[in-house]
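A short write-up of the structure that comes next.
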Amino acid sequence: MSSLTTSEAGQAASARRKKRVAAFLFVVPLLLFILVTFVAPIGTMLWRSVYHPTVAELIPQTLAELERWDDHKQLPDEKTLQVFASELHGLNQQRLSGKLSEELNRAYTGMSSVVKATARRVGRLDAQALQSQGVQTLLEAHRNWSKPELWYAIERAGKVYTYDYYLTALDLEMHPDEGIQARQDTQIYLQLYSKTLNMALVITLLCALLGYPLAYYLAGLPSNRANLLLVLVLLPFWTSLLVRTTSWIALLQTNGVINSFLMGIGLISQPFEMLYTSFATVVAMTHILLPFMILPLYSVMRGIDPSYMRAALSLGDKPIPAFVRIYFPMTLPGLSAGALLVFIISVGYYITPALVGGTDGQMISNIIAFHMQRSNNWELAAALGSLLLGLILLLYWVYDRFVGASNIKLG
């Protein structure tokens, strides 16, 4: 067999390059879509969680003076206080003292009104009075200005790159002498993470308990009947998520359908408190996420040869042991895929817990949304979201370590 000439080999290599370029050009839109909708938002979130230059831009001279402050048990020197009074006077003239009060209130609780009142008081001084009475006016405005821990909080808040938001998200804080320690005032975020994971686990287990028998039943039906019933499984996807969620409000409220029915048949004498609880969140989310469990299970079960079970039964094995030892292990890829889908989606769900959960049924996603929409603390929201992302990746790594991601089958 004759070998290719140099010209022919070059033409073949050029043809291969053209095919690779053409294939890459076809993939470029998908890569751009992933970059814009997935990589860029996550990268921005991670960046915002550690980058916060606002305080450094508002009072740069004060922060420069605080770098010389070594004894955090004593107040900063008079020069530092004078510089802060001058900068606060300037912020009041520029109508930016409200922004500083918002930032310092996050670093030291209760400082919002204090900064605004002090800025107005210092702002009334003229240039000469500011130099001679600025420090005295500042200290007399409120007792908090005489607390060294407040100035330590200002120093921490002035760092352009900081991990303090991650400490807050973990219910920790930095103490000037003792280092990192548990927060004394609030302990809410770790409880919310634990509560979110527990609720997601319960929802996943309920979806598996409800979805596995139904998928098994559908897999054993003839194709025409199975397809008809599968349409009913998919039917909720044709209804708005908001409609499905609000329908549970009508069912679960005090004078709702369920309580009215139970009282009508005499089973209960007074209505249950079901709405705005963790119970309501779990029930509504189980209903919404159940198809995500059924579809992977049905897809895998449909491909299992029924002769395996018949062979086991013909060899003398009983139905339940045969099911546990032969049929169930073959459905694990579908069960794993469904469990992973339901768990990950439920951890980050927002609409359903917000509508039916109330205070008791809130999840970490609702707190993230609160800091983004109401408190305007995007940095803390980004830190909470980053920790949630890291937690999901850790759980996925554990799953891959002990089960194997290659065993997941969606169809």
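So the values come out like this:
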{"item": "Pair list, Cβ under 6 Å, 6 or more apart: region 233-254 residue under 28 Å from A219 (Cβ atoms), other residue of a type outside the set (A, V, I, L, M, F, W, C) and open to solvent by less than 40 Å² (accessible area, probe 1.4 Å)", "result": "V233/P291"}
{"item": "Selected residue (criterion: modelled with the lowest pLDDT) from residues of region 255-285 that are open to solvent by 10 Å² or more (accessible area, probe 1.4 Å) and hydroxyl-bearing (S, T, Y)", "result": "S269"}
{"item": "When residues of region 343-365 are limited to those that are free of Cβ contacts under 8 Å to residues at least 60 places away in the same chain and over 18 Å from G390 (Cα atoms), the one nearest to the chain's Cα centre (by Cα)", "result": "Y350"}
{"item": "Filter result (farther than 28 Å from W151 by Cβ and open to solvent by less than 40 Å² (accessible area, probe 1.4 Å)) within region 163-200", "result": "L192, Y193, T196, M199, A200"}
{"item": "Matching entry among V83, V28, V50 (being open to solvent by less than 60 Å² (accessible area, probe 1.4 Å), touching a Ser or Thr at 6+ places or on another chain (Cβ under 6 Å), on the phi < 0 side of the Ramachandran plot and of a type in the set (A, V, I, L, M, F, W, C))", "result": "V83"}
{"item": "Test: T281 is in contact (Cβ under 8 Å) with a residue 40 or more places away in the chain, among the β-branched types (V, I, T), assigned to a helix (DSSP H, G or I) and in contact with a Leu (Cβ under 6 Å, 6 or more places away or on another chain)", "result": "no"}
{"item": "Condition broken by L391, with the remaining ones in (1) at pLDDT 85 or above; (2) more than 26 Å from V283 (Cα to Cα); (3) surrounded by fewer than 18 Cβ atoms within 10 Å (Cβ to Cβ) satisfied", "result": "(2)"}
{"item": "Among the residues listed as S406, S365, the single one being open to solvent by less than 30 Å² (accessible area, probe 1.4 Å) and either assigned to a helix (DSSP H, G or I) or at pLDDT 80 or above (or both)", "result": "S365"}
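The values are calculated or read from the model by the stated rules, or taken from the named source; none is laboratory data. Quick caveat: nothing in here was measured; it's all calculated off a predicted structure. All Cβ positions, glycine included, derive from the backbone under ideal geometry; neighbour counts span all protein chains shown. Accessible surface is based on the protein model in full, side chains and every heavy atom, while ligands, DNA and RNA are left aside. Shrake-Rupley method; radii C 1.70, N 1.55, O 1.52, S 1.80 Å.
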